[in-house]
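The values are calculated or read from the model by the stated rules, or taken from the named source; none is laboratory data. As the structure is a computational prediction, the values presented were derived from the model and not from experiment. When we count neighbours, we look across all protein chains shown, and the Cβ atoms used for this are built from the backbone with ideal geometry, even at glycine.
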Amino acid sequence: MRRVLVLGSTGSIGVQALEVIEREPDLELAGLSCGSRVDEMLAQARAAGVTHTAAAVGGGTVGFDAELAGLMDATAPDVVVNAIVGAAGLRPTLAALERGLPVALANKESLVVGGELVRALRERTGADLHPIDSEHSALWQLLEGIPPERVASVAITASGGPFRGRTADELSDVGVDDALAHPTWSMGAKITIDSATLMNKGLEVIEARHLFDLDDEQIEVVVHPQSIVHALARLTDGALLAHLGAPDMRAPIAHALAWPRPPVPSLSPFDLVGRELTFEEPDTECFRCLALARQAGRDGGTAPAVLNAANEVAVEAFLAGRVRFLDIGALVERALASVPGEPADSLEAVERADAAARDVVRDAVDGRRPGAPSTAGVGA
Ligand code: NAD
Ligand code: MG
């Protein structure tokens with residue numbers, strides 16, 4: 001039996017992880033944690049017959065750190081699923097790796113914010129890190145067994161979100177409900193907005209760089225509205241390998257948790273006949289978050305932490321109806337220009353950058369600084 005601790009169990013990935021654990025005969029739930037909706041988590045715990053739980057009440061993470069450490073020690077799991085949303089997932093990832101526990105990682109922000117810290121810790125403890133993010137799971141499966149010198153580059157796909165093909169003008173007054181209406185994936189609110197701005201794909205480029213030790217130029221982003229091809233690998237001889245599958249997160253979750261065994265068959269056979277698969281270049285002028293993220297990744301140091309934190313606050317403000325859709329990119333750009341970069345060589349450094357970026361965006365949203373965005377927008 002492999003005992004699994006699920007962090008963020010009440011979210012979109014968390015709930016699907018519990019389904020996978022339920023149906024995989026070799027997996028057993030060891031404990032649960034969540035950020036809010038504690039009653040829901042307690043109901044999950046009762047249903048699964050587990051007693052170990054922790055909640056980050058009020059979204060705070062400070063006291064939660066000690067609670068999570070206690071949860072990891074008390075449950076002694078074989079693997080930790082990190083399905084927390086946002087930079088709040090970094091400390092839990094580090095805490096698990098520190099204990100030598102393998103992490104099945106949905107929380108891409110861990111790698112965006114603290115990629116260097118995570119990599120150093122993995123090297124020191126030898127703990128595994130297995131991606132749940134569908135594109136990265138696909139890359140993991142594609143690249144397994146291929147000598148790195150045969151891999152020229154990789155590509156990850158983006159659906160393009162609900163606003164694919166629109167002009168900046170057409171994006172100026174889109175609403176929250178429009179942005180939440182993702183055409184192919186059903187996910188938590190934050191990542192759904194990130195998919196609409198293409199920030200999600202920018203975060204995923206940084207995530208892929210850390211997971212597979214790739215340079216920015218080695219990662220292509222291609223818009224593929226059908227979300228059937230998740231990732232591709234270009235080999236040095238010109239061959240192009242692709243990973244295809246229905247857009248269902250339970251597949252990559254099961255792959256990460258069952259590995260190295262194959263997961264129990266659960267998907268209906270994928271029918272190729274009659275499928276149309278199309279690919280387009282992303283519009284990074286209109287969807288500038290993708291370009292901002294790639295630039296932050298190239299700049300390195302604390303720039304990705306600034307980008308991520310600014311984006312989290314901006315997305316929250318958008319969801320609350322306080323800024324417009326195009327303000328998200330403008331606010332992220334403002335934070336990147338305002339917070340000086342530092343080496344990302346300690347948790348203190350990345351958390352300092354994260355806090356500074358949040359301040360910049362909150363001040364701008366609250367209108368405490370000249371040129372702050374208003375409901376009239378900031379002219380992105
Ligand atoms: P969600 O909003 O549905 O769920 C987030 C979970 O994290 C909830 O259980 C919440 O209680 C918990 N949480 C929030 N703040 C917390 C805090 N401060 N401390 C502890 N717990 C906290 O999010 P989601 O869509 O399930 O996404 C989770 C992660 O997985 C994100 O990093 C996302 O980018 C990634 N991911 C999601 C999908 C998807 O299909 N939903 C796909 C790929 C990657
Ligand atoms: Mg993804």
Sole residue being farther than 23 Å from residue 223 by Cβ, surrounded by fewer than 21 Cβ atoms within 10 Å (Cβ to Cβ) and of a type in the set (Asp, Glu), chosen from 299, 283
299
Condition first: under 21 Å from the mean Cα position of the chain (by Cα), over 21 Å from residue 176 (Cα atoms), of a type in the set (D, E, K, R) and at pLDDT 95 or above. Can you find one or more residues in region 295-306 that meet it?
yes
Matching residues in region 216-242 (over 19 Å from the mean Cα position of the chain (by Cα) and over 15 Å from residue 278 (Cβ atoms)) number 11
Which of the residues spanning region 140-160 are under 26 Å from residue 261 (Cβ atoms) and in contact with a Pro (Cβ under 8 Å, 6 or more places away or on another chain)?
140
Filtering region 196-206 for residues that are more than 9 Å from ligand 1 (Cβ to nearest atom) and out of contact with any strand residue (DSSP E or B) (no Cβ under 6 Å at 6 or more places or on another chain) leaves a count of 6
Reported set for region 129-147 where residues are surrounded by fewer than 22 Cβ atoms within 10 Å (Cβ to Cβ) and within 12 Å of ligand 1 (Cβ to nearest atom) is none
Among the residues of region 91-137, what is the count of those that are away from ligand 2 (no atom under 16 Å from the Cβ) and in contact with a Phe, Trp or Tyr (Cβ under 7 Å, 6 or more places away or on another chain)?
0
Apart from one, (1) assigned to a strand (DSSP E or B); (2) surrounded by fewer than 17 Cβ atoms within 10 Å (Cβ to Cβ); (3) within 12 Å of ligand 1 (Cβ to nearest atom) all hold for residue 3; the odd one out is (3)
State whether one or more residues within region 148-160 are in a loop (DSSP other than H, G, I, E, B), assigned by TED's automatic domain parsing to the domain that holds residue 186, at pLDDT 95 or above and crowded, with 18+ Cβ neighbours inside 10 Å.
yes
Being buried (at least 22 other Cβ atoms within 10 Å of the Cβ) and either assigned by TED's automatic domain parsing to the domain that holds residue 315 or within 16 Å of ligand 2 (Cβ to nearest atom) (or both), is that true of even one residue in region 28-39?
no
Got a number for residues in region 180-218 being closer than 22 Å to residue 154 by Cβ and at pLDDT 95 or above?
24
Name the residue that is farthest from residue 131 (Cα to Cα), counting only residues in region 237-270 that are in contact with a Ser or Thr (Cβ under 7 Å, 6 or more places away or on another chain) and part of a loop (DSSP other than H, G, I, E, B).
247
What is the residue count in region 92-128 for residues that are basic (Lys, Arg) and either surrounded by 21 or more Cβ atoms within 10 Å (Cβ to Cβ) or in the same structural domain as residue 199 (by TED's automatic domain parsing) (or both)?
1
Would you check if there is a residue in region 200-221 being within 12 Å of ligand 2 (Cβ to nearest atom) and over 24 Å from residue 8 (Cα atoms)?
yes
